[in-house]
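What follows is a single structure, written as structure tokens, with notes after it.
The values are calculated or read from the model by the stated rules, or taken from the named source; none is laboratory data. None of the values given here were measured: they were computed from a predicted structure. We place every Cβ from the backbone using ideal geometry, glycine too, and count neighbours over all the protein chains shown. Each accessible area value is taken on the protein alone, full model and side chains, heavy atoms only, with ligands, DNA and RNA left out. Shrake-Rupley method; radii C 1.70, N 1.55, O 1.52, S 1.80 Å.
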Amino acid sequence: MLALALAATAAAMSAAGYQSMAATGQWYGKTFTGIRGRSKQLALTYDDGPNDPHTLRLLEVLAKHNVKATFFLIGRYVQQRPDIVREVVNAGHIVGNHTFSHPNLIFASARQTRTQLQECQTSITQAIGQHSPLFRPPFGGRRPGTLRIARSLGLVPVMWNVSGQDWKGYSADEIKQRIRRQLRGGDLILLHDGSHTGMGVDRSQTILATDLLISETKSEGFDFVTIPEMMGTAAVSRER
């Protein structure tokens, strides 16, 4: 009996650990992860910017295809390059909160979590004024308290259900193929225009992958939207 109890405890702890990082896990509170299976919409999202010069180059690719995306920004980079953030917003894209310095919030205290979110909000507001209430936890890491604090600040937690794993150094074609293998429609795609390790990290392969992905999927009838637009579609679908 003791062995069974220990095994059950270990399994529960393993599941809890998985849910704290799983992009689509909902154990620790509801997060938006797309509307898979109910739409031909796709939402491109980019984390860890602004990043000089790759965010600006990405904006050129998105403009070429007339696609709007959602950018989750690191506050300390916003302070360094508010001009890039203004370029993102002026191009019609949505920006959201990705904390001030990109810690894994699983290991942060309540006070540290609140400070990270507030300082990022302040940095973005100082750069562009009013902006979206969207929030994405770094690494996807969250606990129940993480999401409670975010909501207490008026933030809306957002995750993803498709990842190109572009931070691993894959080529543009590999990034695109990883995304294509997962696409079903109604997907929220995770990519990166920057890196939490420092300003200037090379994201040229992500930019090329974005160009390839948009060209291919648009030809198949997919439509690219921002997260608020996809959330609006989800609300309409629930009402029906």
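Observations
- Prolate/oblate/rounded label for region 145-226 (Cα gyration tensor, a/c 1.5): oblate
- Considering only Thr197, Asn66, Trp160, the residue lying farthest towards the positive end of the dipole of the chain is Trp160, judged by Cα position with unit charges set on Cβ.
- Rh (Kirkwood; distinct C-alpha pairs) - region 24-81, Å: 13.7
- Helical runs (DSSP H, four residues minimum) scored at -39500 (n - 2.57) apiece and divided by the length of the chain put the mean residue ellipticity at 222 nm at -15000 deg cm²/dmol.
- Per residue, the convex hull volume that the Cα atoms of region 64-136 enclose (Å³): 86
- The chain: radius of gyration over Cα atoms, expressed as a fraction of 2.2 N^0.38 Å: 1.02
- Relative contact order [Cα under 8 Å, 6+ residues apart], the chain, whole percent: 30
- Charge tally in the Cβ shell below 14 Å around Gln121, where Lys, Arg are +1 and Asp, Glu are -1, Gln121 excluded: +3
- Neighbourhood net charge (14 Å Cβ-Cβ; Lys/Arg +1, Asp/Glu -1) for Val78: -4
- Fraction of accessible area attributable to carbon and sulfur, region 71-173 (%, probe 1.4 Å): 49
- Fully extended contour minus Cα-Cα distance, from Arg148 to Thr115, at 0.36 nm per residue: 10.5 nm
- Computed magnitude of the charge dipole of the chain (debye, nearest 20; Cβ of K, R +1, Cβ of D, E -1): 840
- Accessible surface computed residue by residue for the chain, with neighbouring protein chains in place and a 1.4 Å probe, gives 46 Å² per residue.
- For region 109-174, size of Cβ-based charge dipole, Lys and Arg +1, Asp and Glu -1, in debye: 520
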